[in-house]
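Read the figures in this text as sums done on the coordinates, not as results from a lab. Because the structure is predicted, anything quoted here is derived from the model rather than measured. Cβ placement follows ideal geometry from the backbone for every residue including glycine, while neighbour counts extend to all protein chains displayed.
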Amino acid sequence: GVITEVTFKVFPAPQSWLTLRIPCADATEAADRIAQGASSRWELDALDYVPDEASLFARLGGPAEANTALAGEIQPTWPGATILTDADATVLWSRLREFTWAHADGVLAKIPITLSALKAIASAAAKIPGARTHFSAAGNVAYVSLPSSTAVPSLDAELRLLTFGGLVLRGNAVPMHLGISRDPSVAEAVRAVFDPERRFAH
């Protein structure tokens, strides 16, 4: 197909950012706080859990005064929450965004999940020696970094037990897909409607 017109809905960039570090004893506490934060009036710009740091990171975006006021509400709600300096926050989000926290020569996998599965995925990854994990998008995606391709079968087996699938973003001589592949019946039904003669079938 040919795209002839595209419409984007955009918003102005926030005037300032503020990031809080919230200590979490375990994945269960992190999931509970993510659920609370996602349904709050705080309108968090980002909510990421980093098990290796036993911390949840929440980012606010908006006028500086509003960010400070909201942080003042969050800190009593989540005891131990501290505000990062701008410099530390910049380093944190850059490290998470650019995957510099992951094994440079290892395997990086992306696993779409639901918040209810965060604890199970965290526990599964913890069984694999050297695995590092980062949960992003308010607990809706997990990134698992493995030290080498030899650990891939272990992650694949864990995902199959949990009936989740993953996509390898980085790694040599490893399969692209891990875990369970979803039933393609929906895709086939869409194909049957838009390409009944299967002209674009591989």
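Before moving on, here are some points about what is shown:
- Protection-proxy order for peptides 61-68, 43-50, each taking the mean of Cβ atoms within 10 Å per residue, highest first: 43-50, 61-68
- Highest to lowest packing among 150-156, 77-83, 2-8, scored as the average C-beta count within 10 Å: 150-156, 77-83, 2-8
- Under 5 Å between amide hydrogens, built in the peptide plane, is the criterion, and for L178 it picks out G166, L167, V168 among residues at least 5 positions away or on other chains.
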